[in-house]
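Written below as C-alpha cells is the structure these notes are about.
The values are calculated or read from the model by the stated rules, or taken from the named source; none is laboratory data. No experiment lies behind these values; they were computed from the predicted model shown. FYI the Cβ positions are ideal-geometry reconstructions off the backbone, even for glycines, and counts take in every protein chain you see. The accessibility values were calculated without ligands, DNA or RNA, using every heavy atom of the protein model including side chains. Shrake-Rupley method; radii C 1.70, N 1.55, O 1.52, S 1.80 Å.
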Amino acid sequence: MSIPAEIERKVRQHENDISAIYEMLTEISNTLQQHGNRLIDADGKLNRIAAIQLRHGNRLDELDGRLADLDGKLTGISAAQLRHGNRLDELDGRLTDVDGKLDAILALLRNRPPTGE
C-alpha cells in the first residue's frame, strides 16, 4: 500500500510545524525563566528597601523622642530665664531705692557743716 504524495507532504509539514512550535515553546520557556529570575532579583531588592525604610522609620521615631526631650528642656530654660528676669527686675528696683537713699544721705552730708574743725 502506498501513501499518496499529498498526505506525505502534509505529514512532513505537520512535523515541521510541530518542531517549530516546540522551538517557540522552548524560547518562551527560556524567556519566562529569565523573567522569573529578574522578578526574584527585584523581590530581593524590594525586601532590602523595605528593611531600610523600617530602619529609617525607627531612627525617625528615636529622633522624634529626642526632639520632644529637647523641647521640654527648652521650655524649662525659658521658664528659668523668665524667673531670672523677674528677679533682676526686683533687684533693679531695690538698687534704685538704695541709690535714692545714698543720694539723700550724700545731700544731707553735703549740707551739714563740717564737724571737728
Result for the chain: accessible area per residue, probe 1.4 angstrom, in square angstrom, of 95
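Taking the Cα centre of the stretch 21-117 as the origin, how large is its charge dipole in debye, to the nearest 20, when only Lys and Arg (+1) and Asp and Glu (-1) carry charge on their Cβ atoms? Don't skip to the end; give the middle numbers.
On the way: 13 positive and 16 negative charges, 62 e Å.
For this selection, approximately 300 debye.
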³J(HN,Hα), Karplus 6.51/-1.76/1.60, whole Hz, each residue of the stretch 66-71, x for Gly, Pro: 5, 5, 5, 4, 5, 4
Please report, in whole Å³, the volume per residue of the convex hull around the C-alpha atoms of the chain. 189
Positive-end extreme of charge dipole, the chain - chosen from Leu32, Ala51, Ser19 (charges on Cβ): Ala51
Convert each backbone phi in the stretch 13-18 into a coupling constant with the Karplus relation 6.51 cos²θ - 1.76 cosθ + 1.60 (shift: θ = phi - 60°), then list the ³J(HN,Hα) values in order as whole Hz, x for Gly and Pro. 4, 5, 4, 5, 4, 5
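What does the charge dipole of the stretch 25-74 about its Cα centre add up to, to the nearest 20 debye, if the Cβ of each Lys and Arg holds +1 and the Cβ of each Asp and Glu holds -1?
120
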Among Arg12, Arg83, Arg48, residue whose mean-square fluctuation peaks in a GNM of the chain (springs only between Cα atoms under 10 Å): Arg12
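Helix-derived [θ] at 222 nm for the chain: sum -39500 (n - 2.57) over DSSP H runs of at least 4, divide by residue count, nearest 500?
Details: 1 runs with 107 residues, N = 117.
Here the helix-only value at 222 nm equals -35500 deg cm²/dmol.
What is the percent carbon and sulfur in the accessible area of the chain, measuring with a 1.4 Å probe over the protein chains and ignoring ligands?
Numbers: 6500 of 11140 Å².
For the chain, the apolar C and S fraction of the accessible surface comes to 58 percent.
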